[in-house]
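These notes are about the structure you will find just below.
The values are calculated or read from the model by the stated rules, or taken from the named source; none is laboratory data. It should be emphasised that the depicted structure is a prediction, and the values quoted were computed from it without experimental measurement. A quick note on method: Cβ atoms are made from the backbone with ideal geometry, for glycine too, and the neighbour counts reach across all protein chains shown.
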Amino acid sequence: MDSDPDRSNPLVNYLNQFERAVYTVLLLLLAVVIGFSLVSLVVVTIERLLSPPIYLLENHEILDLFGMFLLVLIGIEFLESIKAYLKENVIHFELIIAIAITAIARKVILVELESPGDFEVIGLGIVVLSLSAGYYLLRRGGITVH
């Protein structure tokens, strides 16, 4: 007799197969989005470098390019998390928190220093501290979920 009741239940097997199919479709769609984002980043970079004054970028243009660059990196990290789940059937919370930290870092880098309110800056600081503490605790505890 099978010791794992989930394996003998046809409904659970179907749902597991459906879940893997959804993850596979998400993986493919994300790969397409990352590809188009990379092409867009290359095109925008070339356009901005070749527009007068040639090879000179203003601060806001550099920040825009950094934002696009970080979005591509965040997409790649999402791709890695989905691949890891499909390979190992394990959610890697360290990777998910690293993605969140990257997304918040993007927000911090791109925030206009003149425009944010005090509460926005405080909120971003709290989120950064919370995510960093969570990442540290996960690394220290070695937690994975099957």
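Some notes on this structure:
- Contacts under 8 angstrom Cβ, first residue in segment 71-85 being in a helix (DSSP H, G or I), partner of a type in the set (Phe, Trp, Tyr) and at pLDDT below 95, 6 or more apart: Ile82/Tyr23; Tyr85/Tyr23
- Pick from segment 42-67, criterion among the acidic types (Asp, Glu) and surrounded by 14 or more Cβ atoms within 10 Å (Cβ to Cβ), ranking: nearest to Arg106 (Cα to Cα): Asp64
- Here Ile91 clears all of (1) closer than 26 Å to Val128 by Cβ; (2) at pLDDT 90 or above; (3) among the aliphatic types (A, V, I, L, M); (4) in contact with a Phe, Trp or Tyr (Cβ under 8 Å, 6 or more places away or on another chain) except the condition numbered (2).
- So Leu70, is it surrounded by 13 or more Cβ atoms within 10 Å (Cβ to Cβ) and not acidic (Asp, Glu): yes
- Here Leu56 clears all of (1) under 23 Å from Leu26 (Cβ atoms); (2) at pLDDT below 90; (3) not polar (S, T, N, Q) except the condition numbered (1).
- Any hit, segment 11-21, residues being closer than 30 Å to Arg139 by Cα, among the basic types (Lys, Arg), in a helix (DSSP H, G or I) and under 13 Å from the mean Cα position of the chain (by Cα): no
- Checklist (1) of a type in the set (A, V, I, L, M, F, W, C); (2) surrounded by fewer than 12 Cβ atoms within 10 Å (Cβ to Cβ); (3) within 25 Å of Leu29 (Cβ to Cβ) applied to Ile76, failing item: (2)
- Among the residues listed as Thr45, Thr102, Thr24, the single one being under 29 Å from Leu137 (Cβ atoms), at pLDDT 85 or above and polar (S, T, N, Q): Thr102
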